[in-house]
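Asks: After the structure tokens below, expect a handful of questions from me.
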Ligand SMILES: [Zn+2]
């Protein structure tokens, strides 16, 4: 048996996960409180870093009385953060530098993955069998099923051909967890195939045409590129389902993928810090798994953002992982918790994910003041108004933006015109001083190590 699977604990968690989605919010809160007290106790006893940072008797205090902690502080003191003294950053970095060891049990006990390193050093996350059982149960039991008859006849996905298109050369959460599934369930190994986003587009399309997947799992930006390839005839197969995650999915990107591929798109919200934060119900709403995590939307000063308002960032408390405790961890994502329950009957709260907190662009205004452009606004302008999805917008100085597009030729020129118009009119409305927009066509757009596109890049001091 694989050391990364605890069947007894998994069964108990699975039953609870099934029942909990229909429990009252109060019953879910009781579970949260119980699991939080256990987590905080484990952190105070086992983690040197938390024993210093947490107040006395933290189990008795409300969550809001506990300190906020960010990735930089945790990663800087990694060896003091983790509760198992056999774990240390230097050895783990050596481990994740070896691609042939993806999804290999570390110390025969842990599954390890890294996150991309935008802004500072990459994060490293260690999960034990108990945390994995929680992620497994949430992933398996909380998702809407677009093809009910198909799933009923083939619950184990044996007849599916699932193409994962992503960054497959590194120890990233998505590929590690899928490779682990294949190692643990040999029948799945035949259903899954892994494709690298680093391949040139025509090579990738040829590979997909040959495999003819029934399910495509990838990032939203990549799904749009594949949908465009289908529209121009380069992709001949038509997957029935597209599973997206890892980046923000806009309405226009969803529409583009669903209409070009004639498929159902299932979006999910996860992070290296918690694999399965949210899932889409049959009403198309994103429910947060608040029986196993706590999300606190906050404003710029760390104060709680009320339901119905978009946050500046979000604090995550992971109730499943006691090895590497995350309590009020600044996730950097902007979310909104909906005030009303969903009509589907699931009582878990509905959230809208507004996106990762990229660097905002600080530009010169028409007067003496500066104007801040939010990355979410800029991507929305380019996607919704200019209809361009594969781009990178970089700030060169306080009055110059460089827009890189993968398109070229006449198509590229058209897209460049639309983008320039959309950006200039947005700049005008925002009160910017006259700006220059330089457009570079036919660019190979950089993605982070983890394969996620970095689309808005501020000028570095
Ligand atoms: Zn719902």
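Readers should treat all values here as calculations from the given coordinates under stated rules, not as data from a laboratory. Small disclaimer: the values here were computed from a predicted structure and weren't measured. Backbone-built Cβ (ideal geometry, glycine too); neighbour counts: all protein chains shown.
Asks: With a ≥ b ≥ c the root eigenvalues of the C-alpha gyration tensor of the chain, is it rounded (a/c under 1.5), prolate (a/b larger than b/c) or oblate?
Replies: Details: a/c = 1.59, a/b = 1.21, b/c = 1.31.
Verdict is oblate for the chain.
Asks: Would you mind classifying the range 101-251 by shape? Square roots of the alpha carbon gyration tensor eigenvalues, ordered a ≥ b ≥ c; an a/c under 1.5 is rounded, otherwise it is prolate if a/b is larger than b/c and oblate if not. Please list the in-between numbers first.
Replies: Working: a/c = 1.75, a/b = 1.25, b/c = 1.40.
Here the range 101-251 falls in the oblate category.
Asks: Let a ≥ b ≥ c be the square roots of the eigenvalues of the Cα gyration tensor of the range 361-457; is it rounded (a/c under 1.5), or, if not, prolate (a/b larger than b/c) or oblate?
Replies: Values: a/c = 1.95, a/b = 1.44, b/c = 1.35.
Since a/c reaches 1.5 and a/b is larger than b/c, the shape of the range 361-457 is classed as prolate.
Asks: Roughly speaking, what is the stretch gain from residue 414 to residue 45, that is 0.36 nm per residue apart minus the C-alpha to C-alpha distance, in nm to one decimal? Walk me through the numbers on the way to the answer.
Replies: On the way: separation 369, 0.36 × 369 = 132.84 nm, distance 6.10 nm.
Full-extension gain reported as 126.7 nm.
Asks: Quick check on the exposure proxy: order 384, 128, 291, 397 from fewest to most C-beta atoms within 10 angstrom. Present the calculation step by step, with values, prior to reporting the outcome.
Replies: Working: 384 14, 128 20, 291 27, 397 11.
Ascending Cβ contact count within 10 Å gives the list 397, 384, 128, 291.
Asks: Sort 317, 347 by Cβ crowding within 10 Å, fewest neighbours at the top.
Replies: On the way: 317 22, 347 19.
Ranked by crowding around the Cβ, least crowded first: 347, 317.
Asks: While we're here: For the chain, what is the calculated [θ] at 222 nm in deg cm²/dmol (nearest 500), taking -39500 (n - 2.57) for each run of four or more DSSP H residues and dividing by its residue count? Write down the numbers at each step before the final one.
Replies: Values: 15 runs with 157 residues, N = 461.
Calculated mean residue ellipticity at 222 nm is -10000 deg cm²/dmol.
Asks: Rounded to the nearest 5, what % of the DSSP beta bridges within the chain are antiparallel ones?
Replies: Values: 39 of 64 bridges.
So the antiparallel bridges in the chain amount to around 60 percent.
Asks: Quick one: if you stick a label point 7 Å off each Cα along the C-beta vector at residue 11 and residue 63, how many nm between them?
Replies: Output for this residue pair reads 3.1 nm.
Asks: Restricting the count to DSSP beta bridges whose residues both fall in the range 361-457, what percent are antiparallel, rounded to a multiple of 5?
Replies: Of all bridge pairs located within the range 361-457, approximately 65 percent are antiparallel.
Asks: With label points built 7 Å along Cα→Cβ from the Cα atoms of residue 206 and residue 364, find their separation and express it in nm.
Replies: Reported label-point gap for residue 206 and residue 364 is 5.0 nm.
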